[in-house]
Amino acid sequence: QDTIKIGYSGPLSGGAALYGKSVLNGMQMAAAEINAAPVEIGGKRYKVEIVALDDKYNPSETGINLQRLVQQHQTAAVLVPHSGGVFAAQATNEKLKVLLLAYTSLPAATERGNKLTVRIPPDFTTYIAPFIKASMSKYGKNVALAQADHDYAKAWSAAFKPAWEAAGGKVVADNPMSYNKAADFYSGVSRVIQAKPDVLFIGGASEPTALVAKQARELGFKGAFIVLDQAKLDEMAKITGGYNTLEGAVGVMPMSGDDRPDAVAFTTRYRKLNEGKDPSSEVALNYTAVHATIAAMKLAGTVSDAIAIRAQMDQAFRKLPGQYNPASVEGLDAKGGSIVNAIVASVENGKLKGQLLRSNAAGQ
Amino acid sequence: MELFLQQVLNGLTLGGVYCLVALGLTLVYGILHVPNFAHGAFYMAGAYAAFFLIERLGFNYWLAMAGAAVAVALLSVLAERLVFHPLRNAPYLHHMIASIGILLFLESGAQALWGADFHRMATPYSQILSFGDVTLPAQRLLIIVAAFVLVLLLQLFLKKTITGATIVAMAQNRDGAALVGIDANRVAMLTFAIAGVLAAMAAVLYAPINLVYSSMGHLVITKAFVIIVLGGMGSVPGAIASGLIIGFAESFGAFYISTDYKDIIAFVLLVAILSLRPEGLFRKGAY
Amino acid sequence: MLTLDKVSLSYGSFQALHGVDIHADEGELVVLLGANGAGKSSIFHAMSGLRRASGGSIRFGGRELVGRKPSQIVEDGLVHCPEGRKLFPGMSVLKNLTLGGYVHRRDSKGSQRLLDEVFALFPILHEKKDCPAGSLSGGQQQMVAIGRALMGRPKALLLDEPSLGLAPLVVKQMFEIIARINKAGTTVLLAEQNAYAALNIASRAYVIEQGRIVLEGSREELLGNEQVRKAYIGA
Amino acid sequence: MNAKIGWSALLALGLAFPFIAGNDYHLTVMSTAYIYAIATVGLNLITGYTGQFNLAHSGFMAVGAYTVGILTVDYQVPFWIAFALSGVVAAGIGFFVGLVSLRLKTHFFSIFTMCVGYIMFLLIEKWDSLTHGTGGIVGIPAPESVFGLDFSEPRTQYYLVLLFLALSMWIMHRIVNSLLGRTFVAIRNGDDLAQALGINLMRNKLLAFMLSVFFAGLAGGLYAGYVRFLGPELASVEHTFDMTMYMLIGGIGTMAGPLLGAISMPWLTQQLQFLQDYRFVVFGPLLVALVIFLPHGIVGTWMARRKRKAAQQVTAPPVRLAANKGVRRA
Amino acid sequence: MLELTSVTKRFGGLTAVNGISVGFERGTINAIIGPNGAGKTTFFNLISGAMPLSEGRIVIDGRDVTGLRADQMARIGVGRTFQSTTLFDNASVLDNLIVGHRLRTRSNLLDVVFGTRRLRDEEAACRRKAREALDFVGLAHIEARLAGDISQEERKRVAFALALATDPTLLLLDEPAGGVNPEETVGLADLIRKMKRSGLTICLIEHKMDMIMNLADKILVLNYGEKIAEGTPAEVRANPVVIEAYLGSDHAHS
Ligand SMILES: Nc1ncnc2c1ncn2[C@@H]1O[C@H](COP(=O)(O)OP(=O)(O)OP(=O)(O)O)[C@@H](O)[C@H]1O
Ligand SMILES: Nc1ncnc2c1ncn2[C@@H]1O[C@H](COP(=O)(O)OP(=O)(O)OP(=O)(O)O)[C@@H](O)[C@H]1O
Ligand SMILES: [Mg+2]
Ligand SMILES: [Mg+2]
C-alpha cells in the first residue's frame, strides 16, 4: 500500500499558530476519514498522509518548505494558508509541478494566471451586497470603518467602501486599527464613535474583533456591526459573553450555526474528535479541499501529475459527496477560485438568523 | 471636553500598565546592565498563570493575581539563577541573546501547554461607570488606581528601606555591595522577584480588558524599552514619568492624529527625543 | 586570629596563588609587599570571599572562611576595602557610609556614633555627604571607601593599596589614619607598593612574588634587607 | 597561509555543493542561508568589529529588498540595475540613520536602532502607495539571464548567491585586515583612546555603519530576486535577532564565525522541524546553553586557543624579578 | 610651544579648572601636580580636546587650536596616555600598535577594496612606525605576545608606544608611574628623559614626588582648579603655599 502525501506549509508556532493549526486540523480530519477505507487510484491502493511544516508566516520559509515537501516527500499538492506564502510559492510551483492549494481569499492569488493554483475560500466580494442590504435598511446610512489593517482587511474595505456609497450610504469615518498589535482599542474606537455612525464595519481575527465590538458598546455605540468574514460570530460571542452585545451584527454564518444537514453532521463529527470544540470555516474548507484533491486524483487516475489533477479539481468539487463538503463548495470558477453558497447571518434579539447567499441555488 | 477627558483616562490606563512593566525592566536593568527581552514573556506568563488559576482551579480574581505574582516571581528568580547569574561577567550581547532564548522558551512553552488560542480572563469588575458623558469600565479604574499604588509602594521601598537601598547599591557596584555584607545573590533574586511580581500584576490587571495569548508580551515590552530609555536607563522616577508620557502620547495620538500610525508614535517620540537629548529625558541623580 | 594555610587561587587556567601561608595576631598591622601582579589583591579576594580559594584553609577567629559567602565574612568581622574602591558612584557619600554598616543595621545608634567618628576622621566627607560618591576626587573616594569599611565595625581590616594615585600629603595622612585605626585595636592587613611608608607603621611584613610568599619578617628585618630596599623602596 | 588553504577549501566545497546535494530543496536552504550570511557578515562589521550593536539591520535588508521589488515591479527597471541600487539605497538611508544614532553609545544605540527598525517596519506596512503595504509585492521577476545563464533555475541561482557571498567575504576580509579595519577595532576598544589616536569617531563609525547596511541591502536585493515576493515582516526585528544569533554562535568579531553560524543554523532549525510545537521549547534553552558555555562562539574559541599557542611559541614566558637569593624563606 | 590663556572648565556648578594661564617650552618636561580632585586630569582633557573649554584659549606653535576635537588635536601633534589603557587583549602587541600611526595615513575605503599601492605602502609604514615605537620603549622583544599576557609595567610602556606612534610633538602622560614599583619607576623615568632627548615636549601628571623632582624642568601646581604655583622643582618645593596645600613637610627640604 503506497502513500499519497499532501503538504502543508503554514504557521504552527508564533502568533498565528492558532489559525495555522485549525487549517491543519481540517486537513488531518479529512485524511483520517479517507484512510478508513483506502483509496484506489490507477489500480493501486493508497493511504493519505499530511506532511506539515512550520513556516512561521514567513514567505521565504514557505519557499523552502515547498521545495522540501516536493523533493523530499514527493507531495503532489501543497496547501498554504497565507497570502505571502502563496505568492512566494507561486514563484516556483509551476516549475516544480505541484498543485498549490491556496487558502487565501485575496483574488490576486488566482488572478495572476498561475496554472496550478486552486483558491479554496470563495471570493469575499460576494458577501458585500447582502451585508449592506441587511444593515443599511434597518440601522441607517452612516458607516464608520474600524477594521483591521492587514492585507485582507484592507482589500475588504477597499471593495466595501464604494459599494456602500453606491447603495446610497455615507462613510463617516475611516480608521483601520492594528488588531494584532495594538495594546488598546479604546482611543481608536472612541475616535470612530465620535463620528456618530449607524453601522460599524469591523473585523480581523475573531477575538480582537469581539473586543472592538465590546468597547464600542461600552463607549455608547448602539448601532449595527458589519463583520468581515475572517471573524467568526460564534467565536466573538464567547469573548463578548453572548450575542447580546453583538445585536445587529451581520456576518458569515459560522459552522456551528449552519443548519444544513451536511454541515450539522460535520460539526457533530468534529466536536466529537475535539473535546466539544466548534469547527471554524477554516477547518471545514480545508477539510473539503483535501477530500476534493483526492477525488480529483481518482478522476485523473494519477497521484503525481499535478496538471491532470488540477484539471479535475472543478469536477471533484462538484461531485464531492455532501458529507465531505460541509462548506458547500459548488465548484471552481474559470480562474481556479471556489464558488460557495454561504449563509449570511445576522444577530437579531440575541440570536443568529441565517439566510442563503443565493436563495435559489440548490444545495447538493 | 468629554472626549478629551476620555483620552486622559485612556492615557492613564495605558500609562499605568506600561509603568509597571517598565519599572520591573528598569530594576532588572540595574542588576544586569542589559535589556532583558524575556521580561515581556514574564508578563505573558503572569496572565496565563492567573487564567489557569481562575478557569481551572476556580480561584477568585484577587487570589489568582496573588498566585500569578508568586508564580512569575519564581519563574523570574529561576531565570536569574540558571541563566543570568552564570552570565554576569559576559558582554551585554550575550545577555540579550540569552534573554531571547528564555523568551522563545516561555512563549512556545505557553503555547504547548495552553494551545495557541486567545483566552479571555473574567473580571469581577465588569460594570461600567459613567461620569457625565465619560464612560469608564470599572476594571480600567482599577488599573489606574492599582498601578499608582504599586508604583508609590515601590518608590517608598527603594528610597526608605535599607533592603531597597541594597537593590540600588547592587545596581551600582556588585562587588562593592558584597564587601559591605550585602548578599549579592539574594538581592539579585529579590530584584528579579519584584520585577516578576510587577509584570504579573500588570498582566492580571490588564488582561480582563484584553486577551490572553502567547505573544501578548511583545508590544508591551517594546514600549517598555522605549520608556526606560526615555527615562534614563535604570532610573525609577524616569521610568514612571516616561511611562505616563508614552501612555498619553498613544492615547491622544490615536484619537487626534491617526489610529493607523498610533504604534509608531512611541518610537518616533523616542527617536526625536534621543536625537536632541542623547542621555534621555531624565538624567540619573544621586539617591 | 587570622591564619592562611597553603591557600591557592586560580583564574581559569592561570594559578595566581601557590600555597600562601600568612598569619596575623590580634592588634597587629601586617603589610603585604609585592610587585604588580604578585598576588596581593588575590590574597585579599580569597579572604573576603570575592573569589573562592581553590585550596588551603583560611581561619579567622576560629572559623573556617573558605566556602563562606562574602556577606557572611563581613558579619564575622573581616572587612575588605578593595583596590579600585568599588563605591556606589550614584549614591550620596552618606548613603555609601550608611550601607557600610549594613550588617549592623539593627543597631542604628551604634552606627550613628560610628558615622560621627568617620566624619571626624575625614571632615571633608562631612562637607560632601550629599554629593554622589562618583563625583568626588580620587583621594576623597578613597576616604569614603575606608570610611565605609570602618562602618562595618571590622575586627580585622584588609586595605588594598589605599595610597594608589593619591597626593603625597594625602598619602601621609592616610598612613597616619591607618596607624590610628590600628592603634584603636583593629587588626590591619595592608597591601602596598609604597613599601617605605607602609613598613614604617607595620609590625610585620610579607613579601610576595608570583603568588608565593618569599620573605617574612619584622619591620626592622625588612627595612634592613638590601634586596627589599632595592626592589620595593628605591634609592 | 593556513587560512588561505582553509578559505579555498571552503569555496571549493561551496562550488561542489550542488553536486553533493541530493535535491533542489538542499540548494534552496543553502541559497537562503547564503543570503542571510551576507547580511550577517555586514552586521558583524558594525557589531563585532566596531562595537555598535545595530538592531535595525533587518530593516536595512528590507530596504534593499524593497528597492528591487518596487523598481522592478512598479517601474519595470531591469533586475540587475535595481539590484545594483539596493545596497546603495540602504547605505544612503544608513547615512542619515547613522548620523543621528551613532551619537549614542552601547544599549542606547541598540534600543534606538531597534526603534528605527520598528519605524521602518511600520512604514513599509503603512505606506501602501509605495510599498504595497501589508499585501506585499508580488511577481518580482527573476534576475535576467546573463551569458545564457537562466537565474530562475535553482542551480544557477545557487551559484549566483554563492558568487555574491564569496565577493562579500573577500571584500570584508580586505576591510577587516586593513588599516581601516584596525581603525574600527580601535573604536570598539574605546572611544576615548581611539580619538586620542587621531581617529575621527563619527566619520569612521558612520563609514562602518554604511558599509554594514550596504551588505544588508545587497542581501535584501538578492532575497527579492530569489524569493520573488516581499512582505513587511522581512523588516521585523526577529530577523536581526536571528542574524545576531548566527554571529554569536559562530564567533562574533571573527571572519569565519558569522559565516559558519549563518550557514549551519538554518540546517539545524530545519532538522528541528519534526519537533513542531516543541521546536522553540528545545531551541530556546539550546541558545541559552550555547551563550553560557561557548561565549566566544565556535570559531572564536578555537581561534583564541590557536593564537595563544602561536604566541607562546614565539617568545618564552617573561622572566620576573626574583629577589629571594640569600634571604630567609618564609 | 604650548600657550594656555585663562583656560576654564565648569561642570554644572563646579569649576574644575579655573582661569589657568601657563606656557610650556619645546623640548621640556613639565609636571602637573596637585591634590586629588585639583583638576589635573580635566586640564589634560582640555588640552587634548577630549572636552570642550568653557572659557579660554589654547595656542600651539602660534596656531590657535581652541575648540578642536581630540582627533584633530592628535593630528596636530598632541599625543596622550590615559590613567589606564585598554588594549585589545586577543591581538599581539604589535597589532595593537599599528593603528597608532593611522592618523598619518590617507588610504580610504577605495584603497582597501582595490588593494592599491598606497594602502600597501601605508600599512608597511604603520608597521614600521609601530616597531620603531616599540623599540623606543624597549619592548621590541615582546611584539608577538598577546596583549592580554603582558605585565602591568609592560602595558604602561605599550601605552607610551601607542602615543609615540602618532608622531606627537607634545605628549601628555597621566600618572605614567601609577601602580608601578620603585625599581620600574626609575626605568619609566629614564624612558621619559629619552623622549625629551628625542625632541618631544612632555607634560605629565604624577604623585611620585621623588620622580617628579628629578625629572621635571618645570612644575605647575594646581589646587581646587586654580594655579597656586609654577616654577622649577626647587622653587616649587620651597613654596610655602605648595607645602601647605599639597606636599606636606616631608618633601619640603631640598
Ligand atoms: N580576574 C582575573 N582574571 C585573570 N587573571 C587575574 C585576574 N585578577 C588577577 N589576575 C592575575 O593574577 C595575578 C595576581 O594578581 P593580583 O591582582 O592579585 O596582583 P597584585 O599583587 O594585587 O597586583 P597590583 O599591584 O597590580 O594590584 C596577576 O598575574 C594578574 O594578572
Ligand atoms: N565629567 C565630569 N563631570 C562632573 N565633574 C567632573 C567630571 N570630571 C571631573 N569632575 C570633577 O572635577 C574635579 C577635578 O577632577 P580631576 O579628575 O581633573 O582631578 P585630578 O586632579 O585628576 O584628581 P586625581 O589626582 O584624583 O586623579 C573633581 O572634583 C571631579 O569630581
Ligand atoms: Mg592589587
Ligand atoms: Mg586624575
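With every protein chain left in place, what is the accessible area per residue of the range D:1-145 in square angstrom, probe 1.4 Å?
34
Please compute the per residue accessible area over chain C with all protein chains in place, 1.4 Å probe, rounded to a whole number of Å².
38
Based on DSSP H runs of at least 4 residues, each adding -39500 (n - 2.57), what is the mean residue ellipticity at 222 nm of chain A after dividing by all its residues, to the nearest 500 deg cm²/dmol?
Calculated from helices alone, the mean residue ellipticity at 222 nm is -13500 deg cm²/dmol.
Within 10 Å of each Cβ in D:28-37, how many Cβ atoms from other chains are there, averaged over the peptide?
2
Take every Cα pair under 8 Å in chain B that's 6+ residues apart, average their separations, divide by the length, and report that relative contact order as a whole percent. Let's see the in-between values first.
Numbers: 434 pairs, mean separation 105.6, N = 287.
Worked out over chain B, it gives 37 percent.
Rounded to the nearest 100 Å², what is the buried accessible area between B and A, both sides summed, probe 1.4 Å?
2600
For chain E, find the longest principal axis of its Cα atoms and tell me its angle to the long axis of helix E:152-164, 0 to 90°, nearest 10.
The angle comes out at about 80 degrees.
Tell me, what is the FRET efficiency for residue A:94 and residue A:334 to the nearest 0.05, using R0 = 22 angstrom and their Cβ-Cβ distance as r?
After rounding, the FRET efficiency stands at 0.75.
Students often get this wrong, so check it: of B:160/C:155; C:230/E:208; A:133/A:161; A:133/D:126; A:277/A:319, which have C-alpha atoms separated by over 24 Å?
Pairs exceeding the cut-off: B:160/C:155; A:133/D:126; A:277/A:319.
At a temperature of 20 °C and a viscosity of 1.002 mPa s, determine how fast the protein assembly as shown diffuses translationally according to Stokes-Einstein, using the Kirkwood radius over alpha-carbon pairs as Rh; express D in µm²/s, rounded to the nearest whole number.
60
Roughly how much accessible area, to the nearest 100 Å², goes out of reach of solvent when B and D pair up, both sides summed, probe 1.4 Å?
3500
I want the local charge near residue D:50. Using Cβ-Cβ distances under 14 Å, sum +1 for each Lys or Arg and -1 for each Asp or Glu among the other residues.
So the environment of residue D:50 carries a net charge of +4.
State, as an integer percentage, the relative contact order of the range E:84-167 based on alpha-carbon contacts under 8 Å between residues 6 or more apart.
49
Summarise the partner chain shielding of D:113-126 as one whole number: the mean count of Cβ atoms from other chains within 10 Å of each residue's Cβ. Show your work: numbers first, answer last.
Values: counts 1, 7, 12, 3, 1, 9, 6, 1, 3, 9, 2, 0, 8, 8.
Mean partner-chain Cβ count within 10 Å for D:113-126: 5.
Chains C and E: how much accessible area gets covered up at their contact, both sides added, probe 1.4 Å, in Å² to the nearest hundred? All intermediate terms of the calculation are to be shown ahead of the outcome.
Values: alone 11260 and 12170 Å², together 21970 Å².
About 1500 Å² of accessible surface is lost on pairing.
Which residues of the range B:112-151 show a drop of at least 30 Å² in accessible area when all protein chains are present, compared with their chain alone (probe radius 1.4 Å, heavy atoms only, ligands and nucleic acids excluded)?
For the range B:112-151, once contacts with the other chains are taken into account, B:112, B:116, B:117, B:118, B:120, B:128, B:135, B:137, B:140 lose 30 Å² or more.
What is the distance, in nm, between label points placed 7 Å from the Cα along the Cα-to-Cβ direction at residue C:72 and at residue B:62?
Computed distance between label sites residue C:72 and residue B:62 equals 4.1 nm.
With no solvent and one equal point scatterer placed on each C-alpha of the range C:141-193, evaluate the Debye formula and give log10 I(q)/I(0) for q = 0.13, 0.14, 0.15 Å⁻¹, two decimals.
Those come out to -0.27, -0.32, -0.37, one per q.
Please give me, ordered by residue number, the trypsin sites (Lys or Arg not before Pro) of the range A:109-195 that lie in loop per DSSP and have at most 14 other Cβ atoms within 10 Å.
For trypsin sites (Lys or Arg not before Pro) across the range A:109-195 that sit outside H, G, I, E and B with at most 14 neighbouring Cβ atoms in 10 Å, the list reads A:112, A:115.
Return the carbon/sulfur percentage of the accessible area of the range E:84-167, one whole number, probe 1.4 Å, all protein chains in place.
48
Starting from the eigenvalues of the Cα gyration tensor, five times each then square-rooted, give me the equivalent ellipsoid semi-axes of chain E, largest first, whole Å. Could the numbers behind the result be given before it?
Numbers: eigenvalues 217, 100, 45 Å².
The equivalent ellipsoid of chain E has semi-axes of 33, 22, 15 Å.
Can you tell me the alpha carbon radius of gyration of chain D divided by the globular rule-of-thumb value 2.2 N^0.38 Å?
Cα Rg divided by the expected 2.2 N^0.38 Å: 1.11.
What does DSSP give for the protein assembly as shown in terms of the percent of beta bridges that are antiparallel, rounded to the nearest 5? Walk me through the numbers before you get to the answer.
Working: 64 of 133 bridges.
That works out to approximately 50 percent antiparallel.
Take residue B:55 and residue A:304, extend 7 Å from each Cα along the Cα→Cβ direction, and tell me the distance between the two endpoints in nm.
Result for the modelled spin labels: 4.6 nm.
In chain A, carbon and sulfur make up what percent of the accessible area (probe 1.4 Å)? Before the final figure, lay out the partial values.
Values: 6380 of 12740 Å².
Carbon and sulfur together cover 50 percent of it.
I'd like the projected area of the range E:103-167, averaged over all directions, using the convex hull of its alpha carbons. Report it in nm² with one decimal.
About 4.9 nm², averaged over all directions.
Let's test the formula: R0 of 35 Å, r as the Cβ-Cβ distance of residue E:11 and residue B:162. What FRET efficiency results, to the nearest 0.05?
Values: r = 31 Å, r/R0 = 0.89.
The formula returns an efficiency of 0.65 here.
Name the residues whose placed amide hydrogens come within less than 5 Å of the amide hydrogen of residue D:294, ignoring near sequence neighbours (fewer than 5 apart) on the same chain.
none
Which residues of the range B:235-273 show a drop of at least 40 Å² in accessible area when all protein chains are present, compared with their chain alone (probe radius 1.4 Å, heavy atoms only, ligands and nucleic acids excluded)?
Checking the loss per residue gives B:255, B:259, B:260, B:261, B:262, B:263, B:264, B:267, B:271.
Need one number: nm distance between label points at residue B:2 and residue B:82, each 7 Å from Cα along Cα→Cβ, rounded to one decimal.
Distance between label points: 5.3 nm.
If one takes the longest principal axis of the Cα atoms in chain A, at what angle in degrees, from 0 to 90 and to the nearest 10, does the Cα axis of helix A:281-300 lie?
30
So, R0 is 30 Å and r is the distance between the beta-carbons of residue D:278 and residue A:36; what FRET efficiency does that work out to, to 0.05?
Approximately 0.55, to the nearest 0.05.
In terms of Cα to Cα distance under 15 Å, which aspartates and glutamates are near enough to residue A:56, apart from those fewer than 8 places away along the same chain?
Result set, ordered by chain and number: B:107, D:233, D:238, D:242, D:277.
Which residues make up the longest stretch of chain E that has no trypsin sites (Lys or Arg not before Pro) in a DSSP loop with at most 12 other Cβ atoms within 10 Å?
Result for the longest clean stretch: E:107-254.
Going Cα to Cα from residue D:4, which lysines come in below 17 Å? Please leave out same-chain ones fewer than 8 positions away.
Reachable lysines: D:307.
Compute, for the protein assembly as shown, the length of the dipole vector about the Cα centre, with Cβ point charges of +1 (Lys, Arg) and -1 (Asp, Glu) only. Units Debye, rounded to 20.
The dipole magnitude comes to about 1160 debye.
Please identify every one of the chymotrypsin sites (Phe, Trp or Tyr not before Pro) in the range A:97-153 that sits in a loop by DSSP and has no more than 16 other beta carbons within 10 Å of its own beta carbon. Provide the component values of the computation, followed by the final result.
On the way: sites: A:103, A:124, A:127, A:131, A:139, A:152; in loops: A:103, A:124.
Filter output for the range A:97-153: empty list.
If you average the sequence gap of Cα pairs under 8 Å that are 6 or more apart and divide by the length of chain C, what percent do you get for the contact order?
Over chain C, the number comes to 28 percent.
Taking θ = phi - 60°, what integer Hz values does the Karplus form 6.51 cos²θ - 1.76 cosθ + 1.60 yield along the range C:81-91, in sequence order, with x for Gly and Pro?
In residue order, the calculated couplings are 9, x, 5, x, 6, 6, 7, 9, x, x, 8 Hz.
So with the 1.4 Å probe, I'd like the accessible area per residue for the range E:84-167, rounded to whole Å².
Result: 42 Å² of accessible area for each residue.
Go through the range D:120-204 and name the chymotrypsin sites (Phe, Trp or Tyr not before Pro) that are in a DSSP coil and have 10 or fewer other Cβ atoms within 10 Å of their Cβ.
D:147
As an exercise, find the ratio Rg/Rh for the range D:175-215 from alpha-carbon atoms, using the Kirkwood inverse-distance average for Rh.
The Rg/Rh ratio comes out at 0.96.
Would you please give the residues with an amide H less than 5 Å from that of residue A:337, counting only those at least 5 places away or on a separate chain, with H modeled from the backbone geometry?
HN-HN under 5 Å from residue A:337: A:119.
The values are calculated or read from the model by the stated rules, or taken from the named source; none is laboratory data. Quick caveat, the model's predicted, so the values are computed rather than measured. Quick reminder, even Gly has a Cβ in these numbers, built from the backbone with ideal geometry, and neighbours come from all protein chains shown. To get the accessible areas, we keep the full protein, side chains included, count just its heavy atoms, and leave off ligands, DNA and RNA. Shrake-Rupley method; radii C 1.70, N 1.55, O 1.52, S 1.80 Å.
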